[in-house]
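**Student:** I'd like to ask you about the structure that follows.
The numbers here are math on the coordinates, done by the rules we state, and not lab data. Computed from a predicted structure; not experimentally measured. Note that we place each Cβ from the backbone using ideal geometry, even for glycine, and neighbour counts take in every protein chain shown.
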Amino acid sequence: MKLGYLVDLENCIGCKACEVACKAENNVPLGSWRLRVKYVDAGTFPNVKRAFTPMRCNQCENAPCERSCPVNALHFLDNGIVDIDKDRCIGCAACIQACPYGAIYMDPISHTADKCNFCAHRVESGLQPACVVACPTEANIFGDLDESDSLISRYIASHPDVKVRKPEKGTRPKHFYVAGGAIHLDPLASKREDGHNLFNRIGRLDQPVEGHK
């Protein structure tokens with residue numbers, strides 16, 4: 001079994017129900033996140049749009065966080081999930097530095113590393129992750145990548161535009177995106193157009209604007 005996750009970005013409406021469900025299910029402290037929905041505004045008025053992208057641990061097959069942990073607190077479960085043993089974690093933050101996706105945080109209460117683990121406790125009981133259940137548009141798809149007839153496998157097979165974040169890192173993520181363009185997956189793809197920055201248009205704030213005293 002190799003569990004994976006897919007988000008169909010055409011169906012994501014940015015409601016953040018997944019984000020709220022994740023915090024509630026996993027008691028994520030304020031100011032921290034296992035899952036967050038990033039939004040990016042693109043275009044020039046009036047032709048503008050807002051793109052939504054759920055971001056979480058990519059559950060890499062070649063996980064740099066797992067390799068970097070000096071006490072083996074990060075480990076693979078039999079189903080492929082990368083989990084954290086908080087009883088072993090010493091809070092050294094090596095995994096945080098190693099993760100290219102910024103998906104790991106230090107719990108301010110337990111002072112141990114934490115991240116999305118696909119709600120491993122729910123999966124063990126035969127349930128779907130909380131974010132999957134909460135999504136009103138069924139944009140989140142979770143299942144066994146090794147099973148050719150699973151929904152996620154069929155979805156990947158039928159969508160040629162499936163992408164992952166930062167494939168150049170060689171981490172082999174098991175978190176996929178459908179209909180994800182550069183605006184979703186490349187942080188440098190969205191740039192402010194010249195002349196649309198208020199500060200640039202009026203100059204320094206201590207100088208008078210032309211036509212005004």
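**Student:** For the pair ASN47 and CYS15, how long in nm is the line joining their label points, each one 7 Å along Cα→Cβ?
**Tutor:** 3.1 nm
**Student:** OK, next. Can you tell me which of 155-161, 13-19 comes out highest on packing, and rank the rest after it, using the mean Cβ neighbours within 10 Å?
**Tutor:** My ranking of the peptides, most packed first, is 13-19, 155-161.
**Student:** Treat every Asp and Glu Cβ in region 27-135 as -1 and every Lys and Arg Cβ as +1, leave all other atoms uncharged, and give the resulting dipole magnitude about the Cα centre to the nearest 20 debye.
**Tutor:** Taking the Cα centre of region 27-135 as origin, the dipole is about 480 debye.
**Student:** Follow-up question, since we're still on this one. Beyond a 22 Å Cα-Cα separation, which of these cross-linked pairs lie in this structure: LYS49/LYS166; LYS86/LYS166; LYS38/LYS166; LYS115/LYS166? Let's see the in-between values first.
**Tutor:** On the way: LYS49/LYS166 24 Å; LYS86/LYS166 28 Å; LYS38/LYS166 16 Å; LYS115/LYS166 18 Å.
Too far apart for the 22 Å limit: LYS49/LYS166; LYS86/LYS166.
**Student:** Take every Cα pair under 8 Å in region 3-202 that's 6+ residues apart, average their separations, divide by the length, and report that relative contact order as a whole percent. List each step's numbers first, then the result.
**Tutor:** Values: 342 pairs, mean separation 57.8, N = 200.
Relative contact order of region 3-202: 29 percent.
**Student:** Could I ask something else about it? Taking 35 Å as R0, compute the FRET efficiency from the Cβ-Cβ separation of SER68 and LEU151 and round it to 0.05.
**Tutor:** E between SER68 and LEU151, to the nearest 0.05, is 0.60.
**Student:** How high is the relative contact order of region 77-163, in percent, with contacts defined as C-alpha pairs under 8 Å that are six or more residues apart? Write down the numbers at each step before the final one.
**Tutor:** Numbers: 74 pairs, mean separation 13.8, N = 87.
Relative contact order here is 16 percent.
**Student:** Excluding VAL178 itself, what net charge comes from residues whose Cβ is under 10 Å from its Cβ, given Lys and Arg +1 and Asp and Glu -1? Working shown, then result.
**Tutor:** Working: positive: LYS163; negative: ASP8, GLU10, ASP161.
Cβ neighbours under 10 Å give a net charge of -2.
**Student:** If we count every other residue with Cβ under 12 angstrom of GLU66's Cβ, Lys/Arg +1 and Asp/Glu -1, where does the sum land?
**Tutor:** -1
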